[in-house]
Each structure stands twice: as C-alpha cells, then as structure tokens.
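Peer 1: Got a structure for you, written out below as structure tokens; questions coming shortly.
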Amino acid sequence: GGEHDSQHQPQQPLVLPVHFQRTISIPRYHSNVIASFAFDELCTTELGSSDYQAIANHFRIVMIRDVPVLTLRHPDRARRFITLIDELYEAGCCLIISAVDVPDRLFVGKETTTVATTTPTTSASLDRESHSDGASTSSDDPGGSMGTNSGDVLAIDVAQVQGTAVSELASVKELSFAFNRAASRILEMCSEAWWEERRA
C-alpha cells in the first residue's frame, strides 16, 4: 500500500514518559492513535511492564509485526511478550499482529513434542527441559526453580511483575498458564467485536 506520510515532513520519534523519570521513544506512530513496532523492538530489549503500560495507555491501536514462535529457549523474550499483551489488554487496546503462526501455536512452552520448529541441535535439550518437571528451565536463569512448589504462583499475573523480576518467573507450568492466557487475549484483541466495542 502507498504511504500517506509522504505529505508530512519526516516525523520525529514520539517520547513517552515512563515511571522513574524514564522515557521510551516511539519511532513509528500516527496521530497519537496508532503505533507500529517490530517484535524485536519490544521484546528483545530491556523493556518492562511500565514501558508497555506507557505505550498501551497512549495509543488506541498497536501493530506488532514479525512475532516468532516463542519457546523456553528464550524465556525472557516470551515473558516480555506475555507482559506486553497483558498491558495492551488491560488498557483496552486494539491489536494488529503479524506472526509466523496462529496465536494458539505461537507458544511452544507446554510439555509437548512440538520442537520441530526449532533447530535440530536444540530439540534434544528442549525435550530434556520439558520433561524435568519444571525444576530447570534455562541455563541462564539460576533462580529458575524459585516458587515452583507453591500452587499460588501458578495464577500470578505477569503484568504485575513490573519488569524487574522477569527472569525469575521460570516455572514451566506458570509459563504455560500465561501462554494460554496470552493466546486467548491476542485473539480477543484482534476480533471484530473487540474493535467494534472500542470504535465509539
């Protein structure tokens, strides 16, 4: 499609305030209504829920492109995406998403054998991880087994974590719960009914 922004001068990034005197720069946006991001911009950088909250509270429509399949090989990336989805959902944003698969198949964190989408060299270690009862999920996550024995931790809302303890939420069961919720929320935020409700 043609770019209508050509009639405007090149826009400066929009700087949104975040907690604690921090700001986040939004390079692609239109009329303070729509913002567009690549997955990597939001989920492979050191952003947390307060950053996502600033985006969710400012824009009505958020576009996220190039969303990959999320696995336990990159737990921080998966958790950031879940936190992002939660913040967008709580703020009532409309979502446009471009991903490699449907939402239900974006998350390969459950105890399944769906490791064919990963590289052959990692499928064996993924298999071992998924059958270790969640005691160990990632080599770069030394505090990974914290809280896995408490039933209460399973219902924790990742959006309440404020970004600081992202790497501590390592329970496979908790991630699986969050994956299911995120997939459901993605479908809801992309639905015609959700958009119609918010058009008024």
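The values are calculated or read from the model by the stated rules, or taken from the named source; none is laboratory data. All figures in this text were calculated on a predicted structure; none of them were measured in a lab. Here Cβ is always computed from backbone atoms with ideal geometry, including for glycine, and neighbour counts include all displayed protein chains. Protein only, heavy atoms only, side chains kept; ligands, DNA and RNA dropped before computing areas. Shrake-Rupley method; radii C 1.70, N 1.55, O 1.52, S 1.80 Å.
Peer 1: Rounding to the nearest 20 debye, state how big the charge dipole of segment 29-95 is about its Cα centre with +1 on each Lys and Arg Cβ and -1 on each Asp and Glu Cβ.
Peer 2: In total the dipole reaches around 160 debye.
Peer 1: Shifting gears a bit: Going through segment 8-55, which chymotrypsin sites (Phe, Trp or Tyr not before Pro) have at most 14 other Cβ atoms within 10 Å and a DSSP loop state?
Peer 2: F20
Peer 1: Between K173 and A38, what FRET efficiency comes out of the Förster formula 1/(1 + (r/R0)^6) with R0 = 25 Å and r the beta carbon distance, rounded to 0.05?
Peer 2: 0.25
Peer 1: Distance in nm between label sites at R199 and H30, each 7 Å beyond Cα in the beta-carbon direction?
Peer 2: Placing both labels 7 Å along Cα→Cβ, they lie 1.7 nm apart.
Peer 1: Right, something else. So what is the accessible area of segment 5-87 per residue, in Å², with the probe set to 1.4 Å?
Peer 2: Normalised by residue count, the accessible surface of segment 5-87 is 50 Å².
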